Amino acid sequence: MKISELVKKTGVSKETIHYYIREGLLRKPRKTGRNVAQYSDEYVEQIRTIKALQDNHYLPLSVIRKILKRNRKASPSEKASLSIITEHFRPIDRLLGAKDLEGNEAFLQATGLGKKWLQRLTDWGIITPKTDGDTISYSSLDITLGKLVVTMDHLGFGPKDGSDPVNLKKTFEFITKNLLKDTHALVTEKTRQIPLEDFMVSAAQLTEVMGLFLYYIYQKTSMAEFAKYAELAGKQTED
């Protein structure tokens, strides 16, 4: 594609793209003429990654250059993981406390969810809108969860691909059931030992730690499982 099309697809100006190339964030494109260059679809993904790392992670270009350099040598699965992380993992929202989003239509537009899916996730308790009179609002966590469900569908793990959406409900219920049981025991014991105010400070910290613990546990176990599947599939291909 020509640079004009690349600008249209990424929303980044021609001058910025040339700047990324000069700074080594993007490789020089293939020249097809004296003043004409062709850009592959890879440039679209890389520019989106650069913008996500800037907008969602506030990283300087010097660090982004290192990430992209390493990513060029990464496996396809590692490259795919980077695009998901840069898009959905937004530490800045946790640090600044993102504002709630008002209205169902605004939520649907922000996440890409359909009305039926929103109703289903709300009925299951995965998304929990707050109401204040006639006003309905959604937290940043609700917005992230909505986006993740849409992303799963785009990745080929949605109902139209044979995935049972009820599995999301089962996963949610399993986690909440076990966590609530442990949390209840923790609250009962700790509030006997320390003042409630001190406990609430520790509880807020524990919430962040347990969230990260669950994230990395799932990442570790699922990657190991996928690796086993890939190895088995490779052996079957050889046979």
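The values are calculated or read from the model by the stated rules, or taken from the named source; none is laboratory data. Here the structure is a predicted model, which is why all the values come from computation and not from measurement. Cβ sites come from the backbone with ideal geometry, for glycine too, and all protein chains shown count toward neighbours.
Got a sec? Which of Asp153, Asp93, Asp142, Asp123 is part of a helix (DSSP H, G or I), without any contact (Cβ under 8 Å) to a residue 24 or more places away in the chain, surrounded by 14 or more Cβ atoms within 10 Å (Cβ to Cβ) and not aliphatic (A, V, I, L, M)? Explain how you work it out, then say what you get.
On the way: Asp93 fails: without any contact (Cβ under 8 Å) to a residue 24 or more places away in the chain; Asp142 fails: without any contact (Cβ under 8 Å) to a residue 24 or more places away in the chain; Asp123 fails: surrounded by 14 or more Cβ atoms within 10 Å (Cβ to Cβ).
Answer to the check: Asp153.
Which is under 30 Å from Ala230 (Cα atoms) and out of contact with any helix residue (DSSP H, G or I) (no Cβ under 7 Å at 6 or more places or on another chain), of Lys2, Lys66, Lys31, Lys79? Can you show your working first?
On the way: Lys2 fails: under 30 Å from Ala230 (Cα atoms); Lys31 fails: under 30 Å from Ala230 (Cα atoms); Lys79 fails: out of contact with any helix residue (DSSP H, G or I) (no Cβ under 7 Å at 6 or more places or on another chain).
Result: Lys66 is the single residue among Lys2, Lys66, Lys31, Lys79 that is under 30 Å from Ala230 (Cα atoms) and out of contact with any helix residue (DSSP H, G or I) (no Cβ under 7 Å at 6 or more places or on another chain).
Please go through region 156-198 and give me each residue that is surrounded by 10 or more Cβ atoms within 10 Å (Cβ to Cβ) and on the phi > 0 side of the Ramachandran plot, ordered by number.
The answer is Gly156, and nothing else.
Within the bounds of region 96-103, is there any residue that is surrounded by 16 or more Cβ atoms within 10 Å (Cβ to Cβ) and under 29 Å from Lys2 (Cβ atoms)?
Within region 96-103, none of the residues are surrounded by 16 or more Cβ atoms within 10 Å (Cβ to Cβ) and under 29 Å from Lys2 (Cβ atoms).
Among the residues of region 157-180, which ones are within 10 Å of Trp124 (Cβ to Cβ) and among the hydrophobic types (A, V, I, L, M, F, W, C)?
Residues satisfying the conditions are Val166, Leu168, Phe172.
Identify all residues within region 106-120 that are in a helix (DSSP H, G or I) and under 19 Å from the mean Cα position of the chain (by Cα); write none if there are none. Steps first, please.
Let us first name the residues in region 106-120 that are in a helix (DSSP H, G or I), namely 106-111, 115-120.
Selection gives Phe107, Leu108, Gln109, Ala110, Thr111, Trp117, Leu118.
So which residues in region 6-45 are surrounded by fewer than 14 Cβ atoms within 10 Å (Cβ to Cβ) and either in a strand (DSSP E or B) or not assigned by TED's automatic domain parsing to the domain that holds Lys69 (or both)?
Arg30, Lys31, Thr32, Gly33, Val36, listed by residue number.
Could you run through region 219-239 and say how many residues are within 28 Å of Leu141 (Cα to Cα) and loosely packed, with under 11 Cβ neighbours inside 10 Å? Give the derivation first.
Initially, region 219-239 is screened for residues within 28 Å of Leu141 (Cα to Cα), giving 219-226.
Of the ones still in play, those that are also loosely packed, with under 11 Cβ neighbours inside 10 Å are 220-222, 224-225.
Here the count works out to 5.
Check Ser139, Ser163, Ser222, Ser202 and return the single one that is in contact with a strand residue (DSSP E or B) (Cβ under 9 Å, 6 or more places away or on another chain) and modelled with pLDDT of 75 or more.
Details: Ser163 fails: in contact with a strand residue (DSSP E or B) (Cβ under 9 Å, 6 or more places away or on another chain); Ser222 fails: in contact with a strand residue (DSSP E or B) (Cβ under 9 Å, 6 or more places away or on another chain); Ser202 fails: in contact with a strand residue (DSSP E or B) (Cβ under 9 Å, 6 or more places away or on another chain).
Within the list Ser139, Ser163, Ser222, Ser202, the selection yields Ser139.
Quick one: is Pro76 surrounded by fewer than 16 Cβ atoms within 10 Å (Cβ to Cβ) and not β-branched (Val, Ile, Thr)?
On the way: surrounded by fewer than 16 Cβ atoms within 10 Å (Cβ to Cβ): yes; not β-branched (Val, Ile, Thr): yes.
Answer is yes for this residue.
Find the residue count for region 47-62, including only residues that are under 17 Å from Phe89 (Cα atoms) and not in a loop (DSSP other than H, G, I, E, B).
Number satisfying all stated conditions: 8.
For Leu68, state whether it is outside any loop (DSSP other than H, G, I, E, B), among the hydrophobic types (A, V, I, L, M, F, W, C) and in contact with a Leu (Cβ under 9 Å, 6 or more places away or on another chain).
Details: outside any loop (DSSP other than H, G, I, E, B): yes; among the hydrophobic types (A, V, I, L, M, F, W, C): yes; in contact with a Leu (Cβ under 9 Å, 6 or more places away or on another chain): yes.
So Leu68 passes the test.
Return the only residue of Val36, Val63 being of a type outside the set (D, E, K, R) and at pLDDT 90 or above. It would help to see each step written out before you state the result.
Numbers: Val36 fails: at pLDDT 90 or above.
So the residue among Val36, Val63 that is of a type outside the set (D, E, K, R) and at pLDDT 90 or above is Val63.
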